[in-house]
1. Can you pull out the strands (runs of 3 or more DSSP E) entirely within segment 193-264 that have at least 1 residues that are at pLDDT below 85 and touching a strand residue (DSSP E or B) at 6+ places or on another chain (Cβ under 8 Å)?
2. Does segment 326-338 include one or more residues that are modelled with pLDDT of 90 or more, in a loop (DSSP other than H, G, I, E, B) and closer than 11 Å to residue 367 by Cα?
3. Would you check which residues across segment 368-391 are over 22 Å from residue 324 (Cβ atoms) and at pLDDT 80 or above and list them?
4. Condition test on residue 179, is it within 22 Å of residue 151 (Cβ to Cβ) and surrounded by 16 or more Cβ atoms within 10 Å (Cβ to Cβ)?
5. Any idea which residue in segment 21-51 is farthest from the chain's Cα centre (by Cα), counting only those that are in a strand (DSSP E or B) and over 17 Å from residue 7 (Cβ atoms)?
6. Between 141, 133, 112, 84, which is within 30 Å of residue 24 (Cα to Cα) and either modelled with pLDDT under 85 or assigned to a loop (DSSP other than H, G, I, E, B) (or both)?
């Protein structure tokens, strides 16, 4: 139900009324000045005669110039009025109170937005509340209460745009992941939870990463001692040294697979021992181990084409002192098995009165191989021999690849 208003809605009675009628008529020419009412709507009507008699009525329906009214409103009494008495839509106390109540009393809110408003009265019917900016609650006691059903576990969430970042929740149950928990949804490696478990006790503080449960150790569930005891956390002594066994002499077997090697950066402030992979150790020792060695590099595999040019960046930083060429078998051919190598090869050979081969040269950056412009695909490689008999044959071009080795 809502109170309605219109500007300058005034007229006179078209016919006299007594104290009991509930329908009055205004002048037809003035009818449209008064509000059109839907079911439940109303507007205040004040009648005044020439003698100053006044009555406030509530109009609950209007059909043309005929108004359906409730008599003797807002402390006035029902009176008789003659035709020509004044009929006005005036702002009354009841109308103002209803407007105020609808705007500021939370019990009348059903939807919409109340910007920067002060809401009076208790209201427990909010289903979705959206607010921007700072929300300050001043209290000496409980400020926010989340209430779920007997089997529900309500929670407080944190979002960035439309993506949930984490939440704060209490869950019922006796397992490792039940209790009061703070969850990070976007942690690397999967959801990460810090949990005060319902089981309580010194083991009640838990940590979960992507579904795997861990117990957080502290002074309540793990002893701390300077001595190297198996069940104690190692504590620094007065000199700053830790009494702990890093290597066990009892181990009489070696690691079949070396995944990490413990190293340290320096003997200064950054002297912590850290795990390094074998590849990292090799990269660090490489310049030392190869300082007096001859540097060699090996190419990948190349498929020659008639008249084509193969270019390989050898990475030596200088023109190679030696270039070797090899053939790698990719499909079994003339007794040679897959991945067997033949070489180093001669650049040019003669077989069946045909020149078969290629020309190789290099600079400080690349190795180049120009393949002869052969009339047959099998002339792209030097002639080979059958592995079992030594009989000379053409290498089947689709069965072989070229590879280069260079030395600095």
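The values are calculated or read from the model by the stated rules, or taken from the named source; none is laboratory data. What you are looking at is a predicted structure, and each value in this text was computed from that prediction instead of being measured. Note that we place each Cβ from the backbone using ideal geometry, even for glycine, and neighbour counts take in every protein chain shown.
1. Filter on segment 193-264 gives 212-215, 223-225, 232-234, 261-264.
2. Among the residues of segment 326-338, not one is modelled with pLDDT of 90 or more, in a loop (DSSP other than H, G, I, E, B) and closer than 11 Å to residue 367 by Cα, which makes the answer no.
3. 386, 388, 389, 390, 391, listed by residue number.
4. So residue 179 fits the description; yes.
5. Checking each candidate, the answer is 48.
6. It is 84.
Matching residues to (1) free of Cβ contacts under 8 Å to residues at least 60 places away in the same chain; (2) crowded, with 19+ Cβ neighbours inside 10 Å:
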residue	(1), (2)
3	no, yes
28	yes, no
34	yes, yes
48	yes, no
55	yes, yes
76	yes, no
86	no, no
89	no, yes
98	no, no
